[in-house]
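Undergrad: Can you read through this structure? Questions will come right after.
The values are calculated or read from the model by the stated rules, or taken from the named source; none is laboratory data. None of the values given here were measured: they were computed from a predicted structure. Neighbour counts are summed over all protein chains in view; Cβ atoms, including those assigned to glycine, are modelled from backbone coordinates with ideal geometry.
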Amino acid sequence: MKSEAREHLEIERKYEVGLDAKMPSSFARAGLEAVSPEVFQLEAVYCDTVDFLLARHRIAVRRRTGGHDAGWHIKARGSEGVHEMEWPVSDEAPPKLLDSLAELVGRRVDELRPIATISTVRTSTVLRDATGADVVEVVDDLVRAHDGVRDVARVWREWEAELLPGADESLLALIEPELTAAGARPSLSESKIGRAMGTAFETAARRGDSPEQLAALAVSDAADRLAAFPEAGDDAERVAQLRKIARNLEA
């Protein structure tokens, strides 16, 4: 693809966690060394067409600041992972990004509108193997999202484990027991933007998830919405109860 962008295949696993969960500080049992964590404030604006053409093609476009990869991103989801293309930060979407979108969706996309904002406090820890190579990044994200189309706010916390370039995918399975032992469970939501827009349920229904999993997503979304209220501190117990119900429905 003639995009003149930095490109890579993103292979990751996402996990649900409670607000009181603690990310493991050591992954020695998996044979990996954890580097001292870094904390980033990430601010992202997600865009789509008026008729949500990109979402229908499982494509996300965002402009993000903060962290090591600030800029414009295309994330195209496929069977092997997420093909990501990146351009430097600019006020407007780069022309080459629009060219790449035209190749992906089959027609020119000249007008993108903001649909959601996502603010993330990210604690990132890189894992190294015995040779000293960086192989996996595990992140602890506290996410605050606003669906600008429906004017709905959501708050949640999640962990992600992403394979770094050149690393063996089996490492994700190797560290998963460490994460689940700390209270994490595989997420039913495949992306932050889907969760922010409340479309995770529809996506799960299309892929044929079980009734129990669909019910878990519906309850989880209710918890996300409740957690976003300014007075959510008073409802912390109710939010925790909803998240517990969602976990039990998945079991």
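Undergrad: Checking the condition without any contact (Cβ under 8 Å) to a residue 12 or more places away in the chain and basic (K, R), which residue from R29, R56, R63 passes?
TA: R56
Undergrad: Residues that are farther than 23 Å from S124 by Cα, surrounded by 14 or more Cβ atoms within 10 Å (Cβ to Cβ) and touching a Pro at 6+ places or on another chain (Cβ under 8 Å): does the stretch 50-58 have at least one?
TA: No, because not a single residue in the stretch 50-58 is farther than 23 Å from S124 by Cα, surrounded by 14 or more Cβ atoms within 10 Å (Cβ to Cβ) and touching a Pro at 6+ places or on another chain (Cβ under 8 Å).
Undergrad: Does the stretch 171-180 contain at least one residue that is closer than 28 Å to D51 by Cβ and of a type in the set (S, T, N, Q)?
TA: From the stretch 171-180, those closer than 28 Å to D51 by Cβ are none; that's our starting set.
No, every residue in the stretch 171-180 fails to be closer than 28 Å to D51 by Cβ and of a type in the set (S, T, N, Q).
Undergrad: Next up: What residue, among those in the stretch 75-92 that are surrounded by 15 or more Cβ atoms within 10 Å (Cβ to Cβ) and over 23 Å from Q41 (Cβ atoms), is farthest from the chain's Cα centre (by Cα)?
TA: To start, the set of residues in the stretch 75-92 that are surrounded by 15 or more Cβ atoms within 10 Å (Cβ to Cβ) comprises 75-77, 81-87.
Pick out the ones that are also over 23 Å from Q41 (Cβ atoms) and you get 76-77, 81, 83, 85.
Working: A76: 13, R77: 12, G81: 13, H83: 14, M85: 16 Å.
Once the filter is applied, the top-ranked residue is M85.
Undergrad: Mind checking whether some residue in the stretch 1-24 is loosely packed, with under 15 Cβ neighbours inside 10 Å, hydroxyl-bearing (S, T, Y) and either assigned to a strand (DSSP E or B) or out of contact with any Cys (no Cβ under 8 Å at 6 or more places or on another chain) (or both)?
TA: No, that holds for no residue.
Undergrad: Could you say whether any residue in the stretch 194-204 is surrounded by fewer than 16 Cβ atoms within 10 Å (Cβ to Cβ), modelled with pLDDT under 95 and not polar (S, T, N, Q)? Explain how you work it out, then say what you get.
TA: So in the stretch 194-204, the residues surrounded by fewer than 16 Cβ atoms within 10 Å (Cβ to Cβ) come out as 202.
Applying the additional criterion that residues be modelled with pLDDT under 95 yields 202.
Filter once more, so that each one left must be not polar (S, T, N, Q): 202.
Scanning the stretch 194-204, I find at least one residue that is surrounded by fewer than 16 Cβ atoms within 10 Å (Cβ to Cβ), modelled with pLDDT under 95 and not polar (S, T, N, Q), so the answer is yes.
Undergrad: Go through the stretch 165-179 residue by residue and tally those that are in contact with a helix residue (DSSP H, G or I) (Cβ under 7 Å, 6 or more places away or on another chain) and without any contact (Cβ under 8 Å) to a residue 60 or more places away in the chain. Spell out the reasoning first.
TA: Of the residues in the stretch 165-179, the ones in contact with a helix residue (DSSP H, G or I) (Cβ under 7 Å, 6 or more places away or on another chain) are 174-175, 178.
Keeping just the survivors that are without any contact (Cβ under 8 Å) to a residue 60 or more places away in the chain gives none.
Number of matching residues: 0.
Undergrad: Return yes or no: is E202 of a type in the set (D, E) and free of Cβ contacts under 8 Å to residues at least 24 places away in the same chain? Let's see the steps before the verdict.
TA: Details: of a type in the set (D, E): yes; free of Cβ contacts under 8 Å to residues at least 24 places away in the same chain: yes.
In short, yes.
Undergrad: Looking at (1) without any contact (Cβ under 8 Å) to a residue 24 or more places away in the chain; (2) over 15 Å from the mean Cα position of the chain (by Cα), which is the only condition T49 fails?
TA: Checking T49 against (1) without any contact (Cβ under 8 Å) to a residue 24 or more places away in the chain; (2) over 15 Å from the mean Cα position of the chain (by Cα), the one that fails is (1).
Undergrad: For R207, all conditions in the list (1) free of Cβ contacts under 8 Å to residues at least 12 places away in the same chain; (2) crowded, with 20+ Cβ neighbours inside 10 Å hold save one; what is the number of the exception?
TA: With respect to (1) free of Cβ contacts under 8 Å to residues at least 12 places away in the same chain; (2) crowded, with 20+ Cβ neighbours inside 10 Å, R207 is out only on (2).
Undergrad: Among (1) closer than 23 Å to R13 by Cα; (2) touching a residue at least 40 places away in the same chain (Cβ under 8 Å); (3) crowded, with 20+ Cβ neighbours inside 10 Å, there is one condition W72 misses while meeting the rest; what is its number?
TA: (2)
Undergrad: Only one of G198, G166, G183 is part of a loop (DSSP other than H, G, I, E, B) and closer than 24 Å to V39 by Cβ. Can you tell me which? Full working, then the answer.
TA: Numbers: G198 fails: closer than 24 Å to V39 by Cβ; G166 fails: closer than 24 Å to V39 by Cβ.
Going through G198, G166, G183 in turn, just one is part of a loop (DSSP other than H, G, I, E, B) and closer than 24 Å to V39 by Cβ: G183.
Undergrad: Looking only at the stretch 29-49, count how many residues are assigned to a helix (DSSP H, G or I) and surrounded by 13 or more Cβ atoms within 10 Å (Cβ to Cβ).
TA: Here is the first cut: in the stretch 29-49, the ones assigned to a helix (DSSP H, G or I) are 29-30.
Then drop every residue that is not surrounded by 13 or more Cβ atoms within 10 Å (Cβ to Cβ), which leaves 30.
Of the residues in the stretch 29-49, 1 are assigned to a helix (DSSP H, G or I) and surrounded by 13 or more Cβ atoms within 10 Å (Cβ to Cβ).
Undergrad: When you look at G66, is it surrounded by 16 or more Cβ atoms within 10 Å (Cβ to Cβ) and either over 15 Å from the mean Cα position of the chain (by Cα) or closer than 24 Å to R144 by Cα (or both), yes or no? Give the derivation first.
TA: Working: surrounded by 16 or more Cβ atoms within 10 Å (Cβ to Cβ): no; either over 15 Å from the mean Cα position of the chain (by Cα) or closer than 24 Å to R144 by Cα (or both): yes.
Criteria not met by G66.
Undergrad: Go through A153, A204, A161, A145 for me and flag whichever is under 22 Å from R56 (Cα atoms) and assigned to a strand (DSSP E or B). Steps first, please.
TA: Working: A153 fails: under 22 Å from R56 (Cα atoms); A204 fails: assigned to a strand (DSSP E or B); A161 fails: under 22 Å from R56 (Cα atoms).
Being under 22 Å from R56 (Cα atoms) and assigned to a strand (DSSP E or B) holds for just one of A153, A204, A161, A145, which is A145.
Undergrad: Considering the stretch 75-131 alone, what residues qualify as being among the hydroxyl-bearing types (S, T, Y), closer than 17 Å to L163 by Cβ and in a strand (DSSP E or B)? Walk me through it before giving the result.
TA: Here is the first cut: in the stretch 75-131, the residues among the hydroxyl-bearing types (S, T, Y) are 79, 90, 100, 117, 119-120, 123-125, 131.
Right, trim to closer than 17 Å to L163 by Cβ and you get 79, 124-125, 131.
The answer is S124, T125.
Undergrad: Can I ask one more? Considering each residue of the stretch 157-170, count those that are surrounded by 14 or more Cβ atoms within 10 Å (Cβ to Cβ) and more than 11 Å from the chain's Cα centre (by Cα), and give that number. Before the answer, list the steps.
TA: Residues of the stretch 157-170 that are surrounded by 14 or more Cβ atoms within 10 Å (Cβ to Cβ), as a first pass: 157-164, 167.
From the residues that got through so far, the ones that are more than 11 Å from the chain's Cα centre (by Cα) too are 163-164, 167.
The number of residues fulfilling the criteria is 3.
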